[in-house]
Each structure stands twice: as C-alpha cells, then as structure tokens.
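One structure is given below, encoded as structure tokens.
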Amino acid sequence: MTRRLSTGFALGAAIAALAAAGSASAEVNFQFGLQDRDVARMVSLGGSCNRCELSGRDLTGAAFTGAAFTNATLVGAILRGAELQGSNFTGSDFSRADLTGAEMNFANLTGANFTGADMSGAEAMGATLVRVRMAGTDLSGAVLNNSNMNGAVLTNANLSAAEMNATTLANVSARAANFSNAEVAMSNLSNGDFRSVSFREATLNGSRLTGGNFDGADFRNAEMNRVDIRGSDLSGARGLSQEQISRACGDGATRLPARLTVRVCRGVSMVRISPRPPAAPPAPPVPPRVRNLVVANSGR
C-alpha cells in the first residue's frame, strides 16, 4: 500500500511541476496506466512545454510522444527506459540524469547538457546531438549509429563498447574519453581533440581522422583498415604499429611516431553505411468483435 501511495505522489508531483510552468505547458497531455505491480506504470507526455521544470522527477518508462520540450530542465531526473524518439529537447538540461536504456532515436537534442548523466545502453540512432555537453557522461554500450555529434564536448566520457558507425564526430573535444572496444567505422572524426583518448580494441575501419590531435591516445589493437589520417598529429600516440599504419593512408602533413611510415592517400573513397532504422512499434491489438446475442423465449 505504501508503494502505491508513493508512486501516486511521484506522478502527482510531475503534473504539478508542469502545471507550475504556466501557459507554456497547457498543451501537455498525460496518460497514466497502472499495471499489476505496484511500481509498474506508463507515463505519456505529448505536446509542447518550453522551459519545463522536471528536475529530480521519477519518469521511469515515460513516453515523450513527438513532444517539444525545448530548454527543459531535467537535472537528476530518472528517465530509465524512457522513450524520447522523434522529440525535440533542444537546449534542455539532462545533467546527472539517469537515462539508462532510454530510446532517443531521431530526437533533436542540439545543445543539450548531459554532463555527468548515465546513458549506458541508451539508443540515439539518427539523433541530432550537435554541440551537446557530455563531459563525464557514461555512454558505455550506447547505440549512436548515424547520429550527428558535431562539436560535442566528450571530455572524460565513457564510450566503451558503444556503437558509433557512420557517426559525425567532427570538431569534438574528447580529451581523455574512453572509446575502447567501440565500433566507430565509417565515421567522421576530423579536426577533433582526442588527446589521451583510449581507442584500445576499437574498430575504426573506413573512418576519417584528418586534422585531429591524438597526443597520448592509445591505439593498441585498434582496427584501422582504410583509415584516413591526412594532416593528423599522431606523433605522440601510443600503441601504434606499422601494420596498423600500413592499412591507413595519409599525406605529407601527417605526423607519426618514430620509424612509422604511411602511404599517401590516392583516390580515397568512403562508402557510408547507414544502419537499419529501429523496428517500428507493434500495432495496437485488434478490438474483439461485437457479438449479438439472441435469447429464445420458449413461451413457458
């Protein structure tokens, strides 16, 4: 009984918080569905709410259906397993939020703040993550294929075992980030700051690392087939072997550790592979047929 009450208070608090936002939240729709378990619930939020205050709220499993929550504040919010697919959270603050396993495919998160957030196992395929702040963010095992992270701040972020194929990582600041065991094939990492980054066991095949700074970066056992390193400074990188560099290509401006040489890029062509889009949600169940019952009267 105590759990049911506490759950109700949590949901009520979320409604009150949005109502306090004033007329901007007038278009927000709420739907709550309680299941058998005390804490199992579904929260559906649609419409628009500019500058909504949702900090610290428990929105586990919430579904933001085509919502526009621009410049919202969700500091420390619990959004485990939430669905933000196709929604607009431009400029919103998710710092220290729990987004474990959240689905953010094709969402617009331009300029959002995820500093210190837990996004492990989250999905953001095809999402717009331009200039997001993700310093110290846990993105381990996240799926970010085909997303745009141009200009993102990824300092000390954990991207181990993440999927980032065909992802734009140009102009990022990723000093001391962890990309170990990550899949970063066919991606654009040009002009980025990757000092002291770990690329151990990472897959970088077909990616562009042009013009970047990789001082102190660890490339031990990284796959570098057809990697473009023209104009990159790899002179202070660690763990690079001639076998890896022989599979890549560069130019006269490429700087390498002593005794390593690179072949000149000639006719480099990149094949951009777009990952499969996420599966469509299941169709709603078909309502049961209406049956007409005829009661026969025997006349007795």
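List of remarks:
- Across the alpha-carbon set of region 72-177, the Rg to Rh ratio works out to 0.91, Rh being the Kirkwood radius.
- Sulfur and carbon atoms: percent of accessible area, region 75-125 [1.4 Å]: 45 percent
- Full-stretch length increase - A253, S173 - with 0.36 nm per residue and alpha-carbon distance subtracted: 26.7 nm
- Heavy atoms of D233: accessible area, 1.4 Å probe, square angstrom to 10: 40 Å²
- Neighbour net charge for N171 - beta-carbon separation under 15 angstrom, K R +1, D E -1: +4
- Solvent-accessible area per residue for region 98-176 (1.4 angstrom probe, square angstrom): 28 Å²
- Multiplying the residue separation of V264 and T65 by 0.36 nm and subtracting their alpha-carbon distance yields 66.7 nm.
- Only protein heavy atoms count here; on that basis, with a 1.4 Å probe, E243 has an accessible area of about 120 Å².
- Annotation: amide H-H contacts under 5 Å for E83 (H modelled 1.01 Å from N, sequence separation of 5 or more, or interchain): A62, A63, F64, E103.
The values are calculated or read from the model by the stated rules, or taken from the named source; none is laboratory data. What you see is a predicted model; the values in this text were computed from it and never measured. So basically every Cβ, Gly included, is an ideal-geometry build from the backbone, and we count neighbours across all protein chains shown. Remember, those area values only see protein heavy atoms, side chains included, never the ligands or the DNA or RNA. Shrake-Rupley method; radii C 1.70, N 1.55, O 1.52, S 1.80 Å.
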